[in-house]
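Asker: Before anything else, here's the structure in question.
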Amino acid sequence: MTELKPKLQGIWPNSLFSRLAFVWILALLLGHLISNVYGYISIHEDQIARTDYYLTKDLSVLLPILDTATPSERKLWMEKMQRHAYRYELSTVAPDYLATSTSKWINPHRRHGLADSLKEELATSYAARSSAGLFPGEMGRLYFSLKDGTVLIAIINKTVWPIDWGAGLVFALQMLAVITFTWLAVKQATRPLQRLAEAADTLGSSLHGQAIPEDGPREVARAAAAFNAMQAQIKEHLAERVQILASISHDLQTPITRMRLRAELMDDGSLQEKMLKDLDAMQQLVEEGITYARSVRRTTEEVCRVDIDALLDSLVCDYVDAQHALRLSGEIGTILSSRPNTLRRIMINLIDNALKFAGDVEMQVSRISPGQISVSVLDRGPGIPDSEMAAVLQPFYRVENSRNRKTGGTGLGLAIAQQLALAVNGSITLSNRDGGGLEAKLIFPVVAETT
């Protein structure tokens with residue numbers, strides 16, 4: 001049973017439309033097949049019964065006529081009595097097996113009704129002997145001895161199964177009608193499910209998704225209502241979490257400022273330096289906490305015309321002026337529509353993260369498809385264990401073997417970049433480079449400006 005599962009999964013359609021269409025068409029096909037097989041069997045049995053009936057009636061008339069007819073008259077009657085289902089022949093030589101009185105063909109081939117009819121119609125005047133067909137197309141033979149010793153042979157042809165080409169055309173039209181109405185019905189039924197799936201995808205990248213209509217079939221409407229309720233609860237919980245984070249980060253700035261003023265009044269220079277460093281770290285944590293809270297709420301920046309090449313080039317110049325080793329390779333060469341300030345902040349976070357662990361950083365930009373751009377930040381730092389690739393994009397997570405007091409960090413830089421990437425409908429992926437180091441890649445869709 002377990003071996004059949006993968007095979008069935010390969011055959012079984014994976015969409016609701018194809019599954020319903022497959023089941024409906026299969027049901028109609030089986031119903032049509034059963035109906036036709038039953039009809040053909042009934043027609044076949046009816047043909048046999050009719051053949052036996054008319055053969056018996058013909059023999060009851062033909063045998064007495066042939067007994068009294070002249071040879072020329074016999075020939076005329078033989079031609080006249082030929083039928084599609086059976087025919088007659090006259091033979092002057094009786095076969096050897098006519099000496100037996102037991103029928104070896106009628107009963108085994110379900111022609112017992114024929115035997116009874118022959119006895120009833122012909123009584124004891126003409127004894128019938130039988131054999132199986134001697135040539136292709138023959139079902140059996142009946143032999144009757146006339147008074148002059150001539151043998152009348154009734155050759156019964158095999159019944160031909162009827163082929164109704166009209167039924168095939170009707171079935172083809174039925175299939176066409178089923179496919180058409182299945183497509184219309186399933187499309188109508190799955191439209192709310194499609195909206196539900198799209199809303200679920202939107203919820204993953206934005207907290208501002210609209211409630212979906214609660215219409216369609218009853219079950220789908222209930223699912224839509226449950227999704228809307230879930231979406232509202234998630235928005236409420238996330239908004240509450242973001243508000244708490246923003247409030248705490250904001251309120252911490254006042255005591256940090258007071259502590260900084262008091263630390264500057266201290267006489268002990270060594271202790272003062274340590275206190276100021278701790279306060280700087282706290283201030284950085286507070287500022288990045290506020291930034292992260294804002295990034296979760298998504299940017300409100302409007303989409304405008306952006307020269308990606310100029311934006312990245314200016315960013316590199318700023319870092320070079322600050323004595324950082326940063327290089328840029330590749331270009332797009334097209335004015336695009338996007339959010340420049342959001343893109344700039346994403347790249348700053350990725351570059352700052354790379355500079356903490358490597359003295360030399362490279363940035364590569366390329367168009368990976370007509371509607372997508374890739375910007376990679378590459379370094380030769382310690383990299384990140386594969387098991388922690390996804391975790392480092394979460395807020396406040398720091399890799400223990402690379403994050404330390406020397407490198408610093410709050411664990412929010414990559415998380416902020418990830419949230420802002422969602423704001424431009426993009427994504428960030430991390431991967432370790434061959435030879436050591438990390439590649440942080442931003443992929444985002446863009447629309448080229450028409451001139």
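Asker: How long is the gain from Phe171 to Ser270 if the chain were fully straight, where each residue apart is worth 0.36 nm and the alpha carbon distance is subtracted? Let's see the in-between values first.
Answerer: Numbers: separation 99, 0.36 × 99 = 35.64 nm, distance 9.47 nm.
Computed gain between Phe171 and Ser270 is 26.2 nm.
Asker: Obtain the nm distance between the two label points defined at Leu261 and Val178 by a simple spin-label model: each point lies 7 Å from its Cα along the Cα-to-C-beta direction.
Answerer: 8.4
Asker: Here is a follow-up. Using a 1.4 Å probe, how large is the accessible area of Ser125, given in Å² and rounded to the nearest 10?
Answerer: 90
Asker: Restrict the search to region 140-199; then list the trypsin sites (Lys or Arg not before Pro) that DSSP places in a loop and that have at most 14 other Cβ atoms within 10 Å of their Cβ.
Answerer: Answer in residue order: Lys147, Lys158.
Asker: Given H placed on each backbone N at 1.01 Å, which residues far from Leu328 in sequence or on other chains put an amide H within less than 5 Å of it?
Answerer: The answer is Met363.
Asker: Quick check on my link table: of Lys235/Lys356; Lys274/Lys356; Lys235/Lys277, which ones sit more than 26 Å apart, alpha carbon to alpha carbon?
Answerer: Beyond 26 Å: Lys235/Lys356; Lys235/Lys277.
Asker: Listed highest first by mean packing, meaning other Cβ atoms within 10 Å per residue, what order do 52-62, 27-37, 417-427 come in?
Answerer: Order by mean packing, descending: 417-427, 52-62, 27-37.
Asker: Can you tell me the length gained on complete extension of the stretch Gln188 to Asp215, counting 0.36 nm per residue apart and subtracting the Cα distance? Could you put the intermediate results ahead of the total?
Answerer: Numbers: separation 27, 0.36 × 27 = 9.72 nm, distance 1.11 nm.
Between Gln188 and Asp215, full extension yields 8.6 nm more.
The values are calculated or read from the model by the stated rules, or taken from the named source; none is laboratory data. The structure displayed is predicted, hence computed values, not measured ones. Backbone-built Cβ (ideal geometry, glycine too); neighbour counts: all protein chains shown. Note: areas computed on protein heavy atoms with side chains; ligands, DNA, RNA excluded. Shrake-Rupley method; radii C 1.70, N 1.55, O 1.52, S 1.80 Å.
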